[in-house]
Structures are given as C-alpha cells and as structure tokens.
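Asker: I am attaching a structure below and will ask some questions about it afterwards.
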Amino acid sequence: MWRVFEVLGPLELESVVHPLGYAKIDFESGQDNQYKNGEYLIFPRVDHSYLKPFPVDHYDSFIKLLIKTVKEIHTKNVVHMDLYPSNLMIRYTSKVELRIIDWDVATFVGESFTDQMEERLSKSSLGSYYYKRNGSAEFKCDSWFVFVLASLNKEEIVRFCKEPDDRPKVFQDAVRRLYEKHEQELKNEVLDAWIEAHW
C-alpha cells in the first residue's frame, strides 16, 4: 500500500484520502499531512459531512467525478480494488466532492494477489469474476464498481443520495437487477461496451 501512495502523491488528487496510520493530522487546517522526502503531501481529511445525504440532481456529477478520479488513478497503473459505496465519501457544498478511502487492497496492474488480498477479495462476489480470471489486478476490477453505480435506476439513485447508510444495500440490489437483466453478458459484453463508451 505504501508504494501505491508513493506514485499517487504527485497527482495531488483531492479525492484520494491517505490511509489512517500513515499521516500526521493537523486538525487546525483540516488537512492530513504526510511528511516524505522533506516535503508535505497534502490529503484532505474526511469528516462526518461526507456521510450525509446529498442532492439527487447532482448524482450524475458524482459519477463523472468518480470516473475522472479513477481514470487518473489508473494513469499510475494503480487499481483500488474495492470501490464499494462504503469507501466512497460524498458531499455537496457548492459542488460535489468525493473522497476515496480504504486502500488496504490497492495494488498495481498485473501484480499477483497476496494471500491477504486473496482472502479479502474471496469474500466479495461483486467483482469476483475479474479478480479470479487472471489471478492479478486489472483496471476492470475498478471499472466494475463504477459501472454498477452508473447503472442505478431512478429509485436506486434516490435511495443512494438520501440514505447514506443504505448505499451498500442499494449497490447489492443493483448488482442483482443487472445480473437478472443481462445474465452472463454482464461479465463481458455489457461491461466492455460501457467502458468503451465512458472510460
């Protein structure tokens, strides 16, 4: 995980939140400061306002910001591996703000999974097809989560925006709905077509 943040640091992505335990927290400025090689790398701190409801009509802006952020992370060949809703902190002030947390299984494209990662990922059926296909990380592991969130219907979007605690359940419901609709195509043709159109 430390190597992941060494390469992500220069991107200065506001949406990337440094993992707890690797940062000095300056509560006065509201920033997490990581001291490395004589310089401070600044990572914004997540507060409880990121766990509150946000306007439904800004959901599309959230998806666009999520795609933009993940694409930037991928430019460094980093794969987060766990873009589950509980790891996406969202709030709306004058704009949509996003914070991505929980980087403990993040890795690099093509790297084989460690035993710890295998154990963690085996507990998730949400993207297991991509996890297990090659036994190594690939960008589709992240794209899968974004695809599901971008595919929420109107009712699911309302629940997602208005009930933060319900977001994991909304995600799981959407996965079931998508599988019922597309069956096996969801694992290849449908996702590939979406990535080609949006990535």
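Asker: What is the number of the single condition among (1) open to solvent by less than 60 Å² (accessible area, probe 1.4 Å); (2) of a type in the set (K, R); (3) assigned to a loop (DSSP other than H, G, I, E, B) that R99 does not meet?
Answerer: (3) is the only condition that R99 fails.
For every residue, the table says whether it meets (1) at pLDDT below 85; (2) touching a Lys or Arg at 6+ places or on another chain (Cβ under 8 Å); (3) open to solvent by 90 Å² or more (accessible area, probe 1.4 Å); (4) among the acidic types (D, E).
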| site | (1), (2), (3), (4) |
| --- | --- |
| E163 | no, no, yes, yes |
| P168 | no, no, no, no |
| F171 | no, no, no, no |
| A174 | no, no, no, no |
| Q184 | yes, no, yes, no |
| K187 | yes, no, no, no |
| V190 | yes, no, no, no |
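Asker: If a residue must be open to solvent by less than 10 Å² (accessible area, probe 1.4 Å), closer than 21 Å to R159 by Cα and in a helix (DSSP H, G or I), how many such residues does region 73-86 contain?
Answerer: Qualifying residue count for the region: 1.
Asker: Give me the pairs, please: first residue somewhere in region 85-98 and free of Cβ contacts under 8 Å to residues at least 60 places away in the same chain and over 13 Å from P53 (Cβ atoms), second residue anywhere and among the acidic types (D, E) and surrounded by 16 or more Cβ atoms within 10 Å (Cβ to Cβ), beta-carbon distance under 6 Å, and either six or more positions apart or on two chains.
Answerer: N87/D102
Asker: Would you check if there is a residue in region 29-37 being open to solvent by 80 Å² or more (accessible area, probe 1.4 Å), at pLDDT 90 or above, of a type in the set (S, T, Y) and assigned to a strand (DSSP E or B)?
Answerer: Applying the first criterion (open to solvent by 80 Å² or more (accessible area, probe 1.4 Å)) to region 29-37 yields 35, 37.
Filter again for at pLDDT 90 or above, leaving none.
No; the residues of region 29-37 include none that is open to solvent by 80 Å² or more (accessible area, probe 1.4 Å), at pLDDT 90 or above, of a type in the set (S, T, Y) and assigned to a strand (DSSP E or B).
Asker: Would you tally the residues in region 151-160 being within 22 Å of H198 (Cα to Cα) and surrounded by 15 or more Cβ atoms within 10 Å (Cβ to Cβ)?
Answerer: 5
Asker: If you check V105, V70, V56, which single one turns out to be touching an Asp or Glu at 6+ places or on another chain (Cβ under 7 Å), of a type in the set (A, V, I, L, M, F, W, C) and modelled with pLDDT of 90 or more?
Answerer: Just one listed residue meets the conditions, V70.
The values are calculated or read from the model by the stated rules, or taken from the named source; none is laboratory data. All values reported here derive from a predicted model rather than from experimental measurement. Because the Cβ atoms are built from the backbone with ideal geometry, glycine has one as well, and the counts that use them run over all protein chains shown. For the accessible areas, the whole protein counts, side chains as well, though only heavy atoms, and no ligand, DNA or RNA atoms are used. Shrake-Rupley method; radii C 1.70, N 1.55, O 1.52, S 1.80 Å.
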